[in-house]
Amino acid sequence: MSLLDHISTSADVARLRREQLPQLAAELRAEIIDVCAETGGHLASSLGAVELTVALHYVHDSLRDRIVWDVGHQTYGHKILTGRRNRMRRIRQRGGPAGFTTSSESPHDALTVGHASTSLAAALGMALARDARAAPYDVVAVIGDGALTGGMALAALNTIGHVKPRMTIVLNDNEMSISENVGALNEFMRRLQVQPWLRRAESRGKAALRDVWAPLAEFGSRAKKATRRFFDPASNNPFHAMGLRYVGPIDGHDVEQIAFYLAHIRELDGPTMLHLLTRKGKGYDVAEADPITWHGASRYDASNPVAAGKGYQWSDAFGDAAVALTEHDDRVWVITPAMREGSGLVRYSKAHPERYIDVGIAEDVAVTTAAGLALRGEKPIVAIYSTFLQRGYDQVIHDVALESLDVVFAIDRAGLVGADGMTHQGVFDMAYLRPIPNLSIAMPKDAVELRSLLKGALERGGPVAVRWPRGSVVAAPEVAVEAWPAVRWGSWEVVAGPGDPADAVAVVLAFGVTLGYALAAVGAATDVTVVNARFLKPLDEDLLARWAGAGVPIVTVEDHVLAGGLGAAVTEFLADVGLDARIRRLGIDDAHVPHGDPAQQHEELGYGVRGIADAVAELRGRGWQRSAVPAPGPAGRAVADDGVLDAVSASSALR
Ligand code: HTL
Ligand code: MG
């Protein structure tokens, strides 16, 4: 008999007998493997958290209590147990559930999240709110060992240990971030082994464990000595030093045992950390054997799982360029905040371990470490996703740009990212970087131009951001660094159509992904010019002034929010120099864009091939008509009830 068929909320789990929990865990695991086979997703992390998930729902009620998952990528089990089982076959796809906990998706999801290290501070806030209202619920934060490397998590622990609200912190420790976890705290946790006396009690059975617990939980004076050993297994336990009660480590795949501890901890005052040792990918051979590959899986055949090859990616183009540049100049370094695989740095980390550092999930540290290196004459490249650079923003301004230090920001996943959705969209970086003095921003059209821009950035000095999208690209031919063509800084290039404004009825300014769309939209037309506007800062002011001055209507196209992007930069420049150009700005208009297929979303948001063609037709046919702008939809709305892209109604097809 299937237990899972009868479960759609925590209360259904709580009705089970404790002995049934292992069966539920087994069913849940099988279901997660099936779901990910169809859709891909964060398989290994979710598998490692299966027993924890069942135990949490057995002890806690996710409608009443607040279970705050960090990152939220390990919650496929949680989603299946809380009424979303049927919809899971479309997880991370258009209209399906998000890949992370999302409070607008379900009342069982305490937090909308996707970036790491936020759970502890958010849970602290919830516990404070609860206590202020004397409300009767529990707050449980679940944080991975990787997420615990983030400064925000550590700073929140510092406050929690000081304020001491009643809360449970589950440390889900699988010794892995996406790649192997790093850091001194991580090394310390490896030294914390399951206590021998605890293991003995465990092997004598749950009853013995209960006997051990009873006096411990009471904190009676008689039990104090024994208690100390259990709660403070190493005299220098840093969690204890930070003011937390510490329990563990315990086996994170013994569901009954986890439930047992959770039930007792919720009765205790103050904050308690329960340390679980888990295995990433648990229960699925391929994922256990290679949790890095199966961290984020593409779809697979569940009976014969083989990881899908990805082909040559923009990240690979960057990694290859970085290796070559480091061989060319031994002052070049690469810093990653925990994204070795995603940023294309596996080869680099092996080729140049002495110039490579993974700082953990600590983007702020990545940026300021680069500043320190630059201050001593080195040439650091910070390899970072657009969405995660948001975590190092003050550091970019304050630590790098004020003194115009030689730091290159190698920004990956710029633009819509697809399945990761709303939390991971790389559509803000130009807007937040553009106001920073001394900093250049560029985006290449291909892998050859990527190399040239990186080389130019290092030679030129000062802070430079080079950004590129997620996805595949044609590899650049292997050529010595000396022979990589130089790009004149701040120059745009005409890639199709008339080179003389006198012969053009419109000019499309595009870059990155949208350049391909622009070329397709313009097609065989001989009177429309397409420009690779590869520098957002500095703009190619000469080119702009020439075309606008000749009265050629302009279309700008960007895979980015309109506020503060290319269209904004162009419009501001033209206004400042007194040129009154006809201009349409295509891009994302004031909306959070959920998960989906990026190419489809670009079309729906009005900056795909169709949107560009329409804008050009409009400009060449009837001239500039404000009335052609469609009525905007609800601004800033995110996911509609069915999760379908709501921003379409606010589409920027014509502007
Ligand atoms: N930086 C920030 C601020 N947030 C995220 N989410 C990342 C980078 C990328 N990232 C993940 S999952 C993950 C990283 C680095 C590893 C988390 O390790 P943890 O969990 O030990 O916490 P585990 O996978 O179960 O071992 C995603 O973007 C999904
Ligand atoms: Mg981990």
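Using a 10 Å cut-off around each Cβ, can you sort Ile436, Ile91, Ile80 from fewest to most neighbouring Cβ atoms?
With the fewest neighbours first, Ile436, Ile91, Ile80 line up as Ile436, Ile91, Ile80.
I'd like the FRET efficiency for Ala132 and Ala480, computed as 1/(1 + (r/R0)^6) with the beta carbon distance as r and R0 of 56 Å, rounded to 0.05.
With R0 = 56 Å, the Cβ-Cβ based efficiency is 0.30.
Suppose we keep just the DSSP beta bridges with both residues in segment 314-483; what percent of those would be antiparallel, to 5?
Expressed as a percentage, antiparallel bridges in segment 314-483 total about 5.
Per DSSP H run of n ≥ 4, the term is -39500 (n - 2.57); total these for the chain, divide by its residue number, and report the mean residue ellipticity at 222 nm rounded to 500 deg cm²/dmol.
Per the formula, -10500 deg cm²/dmol.
Among Pro435, His115, Leu579, which residue has its Cα furthest toward the positive end of the charge dipole of the chain, with +1 on Lys/Arg Cβ and -1 on Asp/Glu Cβ?
Highest projection toward the positive end goes to His115.
Arg89 versus Glu541, label points 7 Å from Cα toward the beta carbon: distance in nm?
Taking the two extended label points, one gets 5.9 nm.
Can you work out the FRET efficiency for the pair Arg620 and Arg64, with r the C-beta to C-beta distance and R0 = 56 Å, to the nearest 0.05?
After rounding, the FRET efficiency stands at 0.35.
Roughly how many nanometres apart are two label points built 7 Å out from the Cα toward the Cβ at Leu402 and Arg191?
3.7
Amide H neighbours of Tyr385 under 5 Å, at least 5 residues apart or on other chains, H built in the peptide plane: list them.
Sorted by chain and number, the residues that satisfy this are Asp412.
Placing unit charges on C-beta atoms (Lys and Arg positive, Asp and Glu negative, everything else neutral), compute the dipole magnitude of the chain about its Cα centre in debye, rounded to 20.
It works out to roughly 1820 debye.
Under a crude label model (7 Å from the Cα following the beta-carbon direction), how far is Asp285 from Ser491 in nanometres?
5.8
By how many nm would the segment from Asp34 to Val577 lengthen if fully extended, with 0.36 nm per residue of separation less the alpha-carbon distance?
189.5 nm
Counting other C-beta atoms within 10 Å, which of Leu509, Leu3, Leu274 has the fewest, and how do the rest follow?
Listed from fewest to most nearby Cβ atoms, that is Leu3, Leu274, Leu509.
If you restrict to DSSP beta bridges whose two residues both lie in the chain, what percentage is antiparallel, to the nearest 5?
For the chain, the DSSP antiparallel bridge percentage is about 15.
Using +1 at the Cβ of each Lys and Arg and -1 at the Cβ of each Asp and Glu in the chain, identify which of Ser45, Val334, Ile178 lies farthest towards the dipole's positive end.
Ser45
Most exposed first by the Cβ proxy, i.e. fewest other Cβ within 10 Å, how do Arg191, Arg582, Arg15 rank?
Fewest-to-most Cβ neighbours within 10 Å comes out as Arg191, Arg15, Arg582.
Do the alpha carbons of any pairs in Lys282/Lys350; Lys455/Lys537; Lys445/Lys537 sit beyond 20 Å of each other, and which pairs?
With Cα atoms farther than 20 Å apart: Lys282/Lys350.
Between Gln313 and residues 5 or more places away or on another chain, which pairs have amide H atoms under 5 Å apart, with H built 1.01 Å from N, and which residues are they?
HN-HN under 5 Å from Gln313: Val473.
Given 37 °C and 0.692 mPa s, compute D for the chain with the Stokes-Einstein relation, Rh being the Kirkwood radius over Cα pairs; round to the nearest whole µm²/s.
The estimated diffusion coefficient comes to 124 µm²/s.
Bear in mind these aren't lab numbers, they're just calculated from the coordinates by the rules spelled out. Note that the coordinates shown come from a computational prediction; the quantities given were computed from them, not determined experimentally. Please note: Cβ atoms are built from the backbone with ideal geometry, for glycine as well, and neighbour counts cover all protein chains shown.
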